[in-house]
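Down below is the structure, laid out as structure tokens.
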Amino acid sequence: MRCSWLDENDSVYVKYHDTEWGIPVHDDRKLFEMLILEGFQAGLSWQCILHKREAFRQCFDCFDVQKVAHFSDEKIKLLMENSAIIRNKLKIQSAITNARIFIKIVQEFKTFDAYLWHWTKGKTIQSDGIETTNELSDKISKDLKKRGMKFVGSTIVFSYLCAVGVIEAHTPECDFRRH
């Protein structure tokens with residue numbers, strides 16, 4: 001049994017659900033990748049993003065936060081011309097802004113992992129698999145916005161927290177629920 005929302009006809013989506021979604025992430029590069037992809041997902045489906053993920057990895061230098069933080073206007077122009085990714089200038093610019101703030105958070109907390117997991121004292125918290133925001137996503141969203149990040153509303157942050165395992169959101173009947 002899998003989460004009822006999963007399109008089991010999409011092998012990319014099924015693989016993501018079964019092998020990645022909700023598993024705790026502690027690698028800063030992966031945390032950055034997922035943060036940027038969640039921002040690009042705003043207003044779109046996660047399936048759309050998953051199918052463009054490899055192109056995003058190529059275009060965003062394997063999500064090397066230092067490189068993304070220094071993207072030039074010329075790089076933005078090239079990204080806007082690349083039909084393999086989401087060509088939304090605000091989202092592209094926010095990825096660059098968010099990279100710069102991500103670096104500042106790392107300077108403050110030593111790792112983004114330490115920043116992210118300090119909110120739950122390193123523990124995964126439970127969700128019913130139905131909600132789309134909660135008190136934790138509200139708090140982190142507010143903090144990230146205060147720091148200047150974009151495309152980090154509570155719904156996006158909640159989705160991000162579920163993706164990287166801070167929140168366990170597999171539905172109760174799903175065999176992949178870990179707790």
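Structure notes:
- Checking each residue in the stretch 10-30 for being under 22 Å from ALA84 (Cα atoms) and not hydroxyl-bearing (Ser, Thr, Tyr) picks out ASP10, VAL12, VAL14, LYS15, ARG29, LYS30.
- Meets criteria (modelled with pLDDT of 95 or more, part of a helix (DSSP H, G or I), closer than 19 Å to SER141 by Cα and of a type in the set (Phe, Trp, Tyr)) for TYR13: no
- Evaluating VAL68 against the criteria (1) modelled with pLDDT under 95; (2) farther than 29 Å from TRP5 by Cα leaves one unmet condition, (1).
- A search for C-beta distances below 8 Å between a residue of the stretch 114-135 that is at negative phi and touching a residue at least 24 places away in the same chain (Cβ under 8 Å) and any residue that is of a type in the set (Asp, Glu) and part of a loop (DSSP other than H, G, I, E, B), counting only pairs 6+ apart in sequence or on different chains, returns nothing.
- Residues that are at positive phi and either surrounded by fewer than 17 Cβ atoms within 10 Å (Cβ to Cβ) or hydroxyl-bearing (Ser, Thr, Tyr) (or both), drawn from the stretch 60-70: ASP61, CYS62
- Number of positions in the stretch 71-83 that are exposed (fewer than 13 other Cβ atoms within 10 Å of the Cβ) and outside any helix (DSSP H, G or I): 3
- Neighbours by Cβ (under 9 Å, 6+ apart or cross-chain): first from the stretch 61-83, over 24 Å from VAL106 (Cα atoms); second part of a loop (DSSP other than H, G, I, E, B) and open to solvent by 100 Å² or more (accessible area, probe 1.4 Å): LEU79/ARG87; MET80/ARG87; GLU81/ARG87
- Every condition in (1) more than 27 Å from SER45 (Cβ to Cβ); (2) modelled with pLDDT under 95 holds for ASP175 except the one numbered (1).
- Figure legend. Inter-residue proximity from the stretch 156-179: first residues at positive phi, second residues open to solvent by 30 Å² or more (accessible area, probe 1.4 Å) and of a type outside the set (Ser, Thr, Tyr), beta-carbon distance below 6 Å, spacing 6+ or different chains. Indicated pairs: GLY165/ILE23; GLY165/PRO24.
- Only one of the numbered conditions (1) surrounded by fewer than 19 Cβ atoms within 10 Å (Cβ to Cβ); (2) modelled with pLDDT of 95 or more is violated by ASP7, and that is (2).
- Residues of the stretch 25-59 that are open to solvent by 60 Å² or more (accessible area, probe 1.4 Å) and either modelled with pLDDT under 95 or over 12 Å from the mean Cα position of the chain (by Cα) (or both): HIS26, ASP27, GLY43, LEU44, HIS51, GLU54, ARG57, GLN58.
- Entirely in the stretch 84-179, the helices (runs of 4 or more DSSP H) that have 3 or more residues that are among the aliphatic types (A, V, I, L, M), open to solvent by 20 Å² or more (accessible area, probe 1.4 Å) and out of contact with any strand residue (DSSP E or B) (no Cβ under 9 Å at 6 or more places or on another chain): 89-109
The values are calculated or read from the model by the stated rules, or taken from the named source; none is laboratory data. Please read all numbers here as calculations on a predicted model, not as lab measurements. So basically every Cβ, Gly included, is an ideal-geometry build from the backbone, and we count neighbours across all protein chains shown. For the accessible areas, the whole protein counts, side chains as well, though only heavy atoms, and no ligand, DNA or RNA atoms are used. Shrake-Rupley method; radii C 1.70, N 1.55, O 1.52, S 1.80 Å.
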